[in-house]
Amino acid sequence: KCDVCAGPTVAPQEVDGRHICPECKKVAIDSAAEMDALYKEIQRYLDTLTGLKVDKAPPVMLVQADEMDTRFAEGSGRSFRAHAFYQPYNPEIIYVLSGHSAYDLGPTLAHEFTHAWQSRHCPQQDRQLKEGFASWVAYKYAQSKGYTDQMSQMLGARDPDYGEGLKKCLAIEKQSGVKGLLAFVQKESKLK
């Protein structure tokens, strides 16, 4: 099966051991130029949505699965395949798994870029607030693009940090607006 869409495929094995079907390969971001364009779009979106900017945004590196697995395990101590992750130091960088489309990577990259902002402005947040707010940004980006399947998936996440954190951030936004949520995120260390 295709390692991106999980559909059946007879695609040959990639260098990193994955199988990516022809349909997924057609829409995959597979060059630094394509990744840079998406990254700039994400940065503009975050600025428009929140007015929050990241001085000296960390670089984004498009990597194969084997490197992603190694870097993610080194940085987090966990052993599952991530689509992207933010490494805050030595060096500061966002790693992104190759072979995925802008549809798949846009919200994920928005989430990871938010972590770069948080590392500069809110370093004392607990995990639920950190992941909940980054998920809120990813959700809002998906909403702006009309990615309703991704929005539903994010809302349905049962994880207490990502799913419940997102729901709490959406509740704060509903009660206090975007500016109220931003003020909360910049002031508080945990969700209540």
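The values are calculated or read from the model by the stated rules, or taken from the named source; none is laboratory data. Here the structure is a predicted model, which means the values were calculated and not measured. Cβ sites come from the backbone with ideal geometry, for glycine too, and all protein chains shown count toward neighbours. Heads up: the accessible areas ignore ligands, DNA and RNA and are worked out on the full protein's heavy atoms, side chains in. Shrake-Rupley method; radii C 1.70, N 1.55, O 1.52, S 1.80 Å.
A few comments on the model shown:
- For region 53-73, a residue qualifies if it is part of a helix (DSSP H, G or I) and either among the polar types (S, T, N, Q) or touching a helix residue (DSSP H, G or I) at 6+ places or on another chain (Cβ under 8 Å) (or both), and exactly one does: Thr70.
- Count of region 117-155 residues, restricted to those that are among the small types (Gly, Ala, Ser), within 13 Å of the chain's Cα centre (by Cα) and either over 30 Å from Glu14 (Cβ atoms) or at pLDDT below 95 (or both), is 1.
- Take the conditions (1) part of a helix (DSSP H, G or I); (2) in contact with a Phe, Trp or Tyr (Cβ under 8 Å, 6 or more places away or on another chain); (3) not charged (D, E, K, R); Ala82 misses just one of them, which is (1).
- Every residue from region 120-130 that is open to solvent by less than 50 Å² (accessible area, probe 1.4 Å) and assigned to a helix (DSSP H, G or I): Gln128, Leu129
- Selection of region 160-189 for residues being in contact with an Asp or Glu (Cβ under 8 Å, 6 or more places away or on another chain) and either under 16 Å from Leu52 (Cβ atoms) or surrounded by fewer than 13 Cβ atoms within 10 Å (Cβ to Cβ) (or both) yields Gly180, Leu181, Ser189.
- Any hit, region 100-113, residues being within 23 Å of Ser189 (Cα to Cα), modelled with pLDDT under 95, open to solvent by less than 50 Å² (accessible area, probe 1.4 Å) and of a type outside the set (Val, Ile, Thr): no
- Listed conditions (1) within 30 Å of Cys2 (Cα to Cα); (2) surrounded by 15 or more Cβ atoms within 10 Å (Cβ to Cβ); (3) free of Cβ contacts under 8 Å to residues at least 60 places away in the same chain are all met by Phe133, apart from (1).
- Residue count for region 9-52 under the criterion of being part of a loop (DSSP other than H, G, I, E, B), open to solvent by 60 Å² or more (accessible area, probe 1.4 Å) and in contact (Cβ under 8 Å) with a residue 12 or more places away in the chain: the result is 2.
- Meets criteria (open to solvent by 20 Å² or more (accessible area, probe 1.4 Å), within 18 Å of Asp3 (Cβ to Cβ) and not polar (S, T, N, Q)) for Glu74: no
- Pairs linking a residue in region 87-107 that is part of a strand (DSSP E or B) to a residue that is among the acidic types (Asp, Glu) and surrounded by fewer than 21 Cβ atoms within 10 Å (Cβ to Cβ), with Cβ atoms under 8 Å and 6 or more positions apart or on different chains, are Tyr95/Glu67.
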